[in-house]
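First the structure, in the form of structure tokens, and then the observations on it.
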Protein chains: 2
Amino acid sequence: MSGFGEATAVARVGDGRYEAVLDGDYGFAEALNGGYLMAVLARAAVDASPHEHPVSTATNFHRVAKPGPAQIVVDTRKQGRTAASAFVTLVQDDRPIADALITTGTLDAAAEPVYAGAAPAPVPPLEECTDFRPPTGDGFADVVDMRFDRRTMGWLDGQPSGNPEIRAWFRLRDGYPADGFALALAVDALPPVALNLGAQGWAPTVELTWHMRAVPEPGWLAVHGTGRLLADGWFDEEVEVWDGAGRLVAQSRQIARVPRTRS
Amino acid sequence: MSGFGEATAVARVGDGRYEAVLDGDYGFAEALNGGYLMAVLARAAVDASPHEHPVSTATNFHRVAKPGPAQIVVDTRKQGRTAASAFVTLVQDDRPIADALITTGTLDAAAEPVYAGAAPAPVPPLEECTDFRPPTGDGFADVVDMRFDRRTMGWLDGQPSGNPEIRAWFRLRDGYPADGFALALAVDALPPVALNLGAQGWAPTVELTWHMRAVPEPGWLAVHGTGRLLADGWFDEEVEVWDGAGRLVAQSRQIARVPRTRS
């Protein structure tokens, strides 16, 4: 089993052109994880940029990605002193799998916030959480270590809470430290919060935007997922990621299709 | 003075190619408003799609747009039964001004939410609000009618509240009804919430993602702006738009640069 660094590595093969080998461990039965794909896209965007961090990433997911070879095309749209922007596409079999607008910048690890909003309700201590593994035999739980707040996992036992919230601790099992690429994975690692609203089955993400807000400390990350509206077959999911130093290090919103709800 | 419909009109001149004339009224001293530009981009995306509504729009703003002729290029990336995705670019003087990933869909105006989160604190009645006009002589206040909650406008008198919140009522002065294109304007119409944190001057938006969540009722819209973190020269701003029927009709997040803060 390769580490996260190797699984997200990209090789530059030309001006704005990269190759990768997508790792089937970073997925569930149906598809490779969108956060994993965003980590691969971010590797290419950062490589093609003078900046260090994927500050802003907006991704459209068009098709399911498969394990194996993929190409990444980075079309630089603007390079500035504080930020650079690129249109980045993941390609398999000559078809676009995902498109992303990625803005890179260089965050100062020592920056102190001028203003920071209140943290969400804390995730319970690790020993009180559950390390749920889905029964589909996916590899995701072999590479990502997540410990879930039991109060947000009632949907597992057919008792969805009615609140679109899921909270968990997150880290990579191979010891890969929390960084901007791991954050790309963290913002899309939770089960869909709509499961707590009675949604059933797979909820394909249509669009996900996430922002890296600070350089995280090594160690466990707290991942807080919520949602505002489930209507007309669409639902939104917001994720905040907080590091061990109590700092907001990433925030995301995605909009997804929900196939069925049980009322 | 042209109406909002005319100001955002696009003319198809080829396969995925459109022309527009950007209206200087939809801006401030420094630049045309980003929401106005997103409305123009959405017109082109919807025209090129079998669907009716701009369900998801993620925009990177590269350069200041000027009043006058502009071109819009719509690169369709996927067309599906429930949604279509396109990479849409606004061009002036042969340079990309803004890039957007736009997913179109067709929302059901009669859809009832399966779940809706709590509404934010209400905007006070119109007669208790202030119709602040910036002293820069911009045309924006001539085309957009906004009434601000005075408690969120302390920054105007040099007394920022310390809370990154601004609330206002919003409508177009020409009677153009609330629709998906007006929502594009509404999500970027507030002054920067960071003004209430002591930020000074213009705060250029780097990225803004917004989602249309329901078909709004005609009439005033309530616009609620908040933020979570101001650090390292970056701040986020979240906007929710609620219609007169008490429904969440749009939600957005942007990330922007803040040039200076006064502490």
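Just so you know, all these numbers are worked out from the coordinates, no wet-lab data involved. This is a predicted model, so every value here is computed, not measured. Don't worry about glycine lacking a Cβ; one is built from the backbone with ideal geometry, like all the others, and counts go over all protein chains shown.
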Fill in the blank from the handout: Averaged over the residues of B:235-246, the number of partner chain Cβ atoms within 10 Å of each residue's own Cβ comes to 1
Practice task
Compute the Rg to Rh ratio over region A:171-215 from the alpha carbon atoms, using the Kirkwood formula for Rh, and round to two decimal places.
Solution key: 1.05
Problem - Within region B:87-148: Cβ-based charge dipole about Cα centre, in debye rounded to nearest 20 (Lys, Arg +1; Asp, Glu -1) - result: 140 debye
Practice task
Lys and Arg at +1, Asp and Glu at -1: add these up for the other residues within a Cβ distance under 14 Å of B:GLN254 and post the number.
Solution key: -1
Practice task
Would you work out the charge dipole size for region A:148-187 about its Cα centre, treating the Cβ of every Lys and Arg as +1 and the Cβ of every Asp and Glu as -1, and quote it to the nearest 20 debye?
Solution key: 100 debye
Handout entry: Environment charge of A:ARG77, counting only residues whose C-beta is closer than 14 Å and scoring Lys/Arg +1, Asp/Glu -1
Key = -3
Practice task
Give the peptides B:179-192, A:40-53, A:113-126 in descending order of average Cβ contacts within 10 Å, highest first.
Solution key: B:179-192, A:40-53, A:113-126
Exercise for the section: Given the options B:GLU207, B:GLU127, B:GLU237, state which has the largest fluctuation in a GNM of chain B using a 10 Å cut-off (strictly under) for Cα springs. Expected result: B:GLU127
Problem - B:ASP142-B:GLU52 pseudo-label distance in nm [points 7 Å out on the Cα-to-Cβ vector] - result: 3.4 nm
Handout entry: Principal axis dimensions, region B:157-263 - Cα atoms, whole angstrom, descending
Key = 42, 28, 23
Fill in the blank from the handout: Dividing the mean separation of Cα pairs under 8 Å (6+ apart) by the residue count of region B:38-147 yields a relative contact order in percent of 25 percent
Problem - Cβ-based charge dipole, chain B, positive-most Cα from B:THR76, B:LEU107, B:GLY244 - result: B:THR76
Fill in the blank from the handout: Between the Cα axis of helix A:34-47 and the main Cα principal axis of chain A, the angle (0 to 90°, nearest 10) is 20 degrees
Exercise for the section: With a/c under 1.5 counting as rounded, go ahead and sort the protein assembly as shown into rounded, prolate or oblate using the C-alpha gyration tensor (a ≥ b ≥ c being the square roots of the eigenvalues; past the cut-off, prolate if a/b is larger than b/c, else oblate). Expected result: rounded
Completion exercise
When the charge dipole of chain B is computed with +1 on Lys and Arg Cβ and -1 on Asp and Glu Cβ about the Cα centre, the Cα farthest towards its positive end, among B:ALA119, B:PHE61, B:ALA182, belongs to B:PHE61
Exercise for the section: Can you tell me the dipole magnitude for the protein assembly as shown around its Cα centre, using point charges on the Cβ only (Lys, Arg +1; Asp, Glu -1), in Debye to the nearest 20? Expected result: 60 debye
Practice task
Just need the relative contact order of chain B here, percent rounded to a whole number, with Cα pairs under 8 Å and 6+ apart.
Solution key: 18 percent
Exercise for the section: Report the paramagnetic label zone for B:ASP174: residues of region B:4-36 whose backbone N is under 14 Å from a point 7 Å from Cα along the Cα-to-Cβ axis. Expected result: B:4-10, B:21-27, B:36
Fill in the blank from the handout: Between A:ARG63 and B:ALA116, Cβ-based FRET efficiency (R0 30 Å, step 0.05) works out to 0.45
